[in-house]
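Following: one structure in structure tokens, then a few remarks.
The values are calculated or read from the model by the stated rules, or taken from the named source; none is laboratory data. Keep in mind that this is a model prediction, so the values were computed, not measured. In this analysis, Cβ positions are derived from the backbone assuming ideal geometry, glycine residues included, and neighbour counts consider all displayed protein chains. Keep in mind that these areas ignore ligands, DNA and RNA; they rest on the heavy atoms of the full protein, side chains included. Shrake-Rupley method; radii C 1.70, N 1.55, O 1.52, S 1.80 Å.
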Amino acid sequence: LPHRLIADQVVVRQSGKKVTVKARISDDRGFRITGVLVRATPTALLSGSTREKASDSTGWATFTFNATGTGSTYVYVEAHKKGEKLQAGVSTANLFKVRVR
């Protein structure tokens, strides 16, 4: 991974109180990156585990949360190369605004 990682997209799906957040990780050339560790941390209105998951073969990592309210909130997505620290080395972070109903 000599290129910069980018958390470039978040897709949110909701069914009742269950909210699925998918985060896509690419590099600065637009290639989807497989196997980087991704963490999605919600701010308000969502609760659940924020443990790291590896991105799949298409660059996506999927997280499941429970809705605790409705409205706009944020999800902070961090990704890093395995074996390296967050916010150092090969890593990225981005804040995404999401809607919870």
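Among the residues of the range 37-48, those identified as modelled with pLDDT of 95 or more and β-branched (Val, Ile, Thr) are Val38, Thr41. Arg51 meets the conditions (1) modelled with pLDDT under 95; (2) surrounded by 12 or more Cβ atoms within 10 Å (Cβ to Cβ) in every case but one. The failed one is (2). Assess whether Gly71 counts as being more than 15 Å from Ala7 (Cβ to Cβ) and in contact (Cβ under 8 Å) with a residue 24 or more places away in the chain. Yes, satisfied.
Only residues that are among the hydroxyl-bearing types (Ser, Thr, Tyr), in contact with a Phe, Trp or Tyr (Cβ under 9 Å, 6 or more places away or on another chain) and in a strand (DSSP E or B) were counted across the range 20-73, and they come to 3.
Being among the aliphatic types (A, V, I, L, M) and open to solvent by 30 Å² or more (accessible area, probe 1.4 Å) is the filter; apply it to the range 20-48 and report the residue that is nearest to Val90 (Cα to Cα). Residue satisfying both the conditions and the ranking: Leu37.
How about the range 81-101: which of its residues are surrounded by 15 or more Cβ atoms within 10 Å (Cβ to Cβ), within 15 Å of the chain's Cα centre (by Cα) and either modelled with pLDDT under 85 or among the β-branched types (Val, Ile, Thr) (or both)? Those that are surrounded by 15 or more Cβ atoms within 10 Å (Cβ to Cβ), within 15 Å of the chain's Cα centre (by Cα) and either modelled with pLDDT under 85 or among the β-branched types (Val, Ile, Thr) (or both): Thr92, Val98.
Is it fair to say Thr62 is open to solvent by 40 Å² or more (accessible area, probe 1.4 Å) and touching a Lys or Arg at 6+ places or on another chain (Cβ under 7 Å)?
Yes; evaluated as a whole, the condition is true for this residue.
Checked against (1) in a strand (DSSP E or B); (2) open to solvent by 70 Å² or more (accessible area, probe 1.4 Å); (3) among the small types (Gly, Ala, Ser), Ala7 passes all but a single condition, namely (2).
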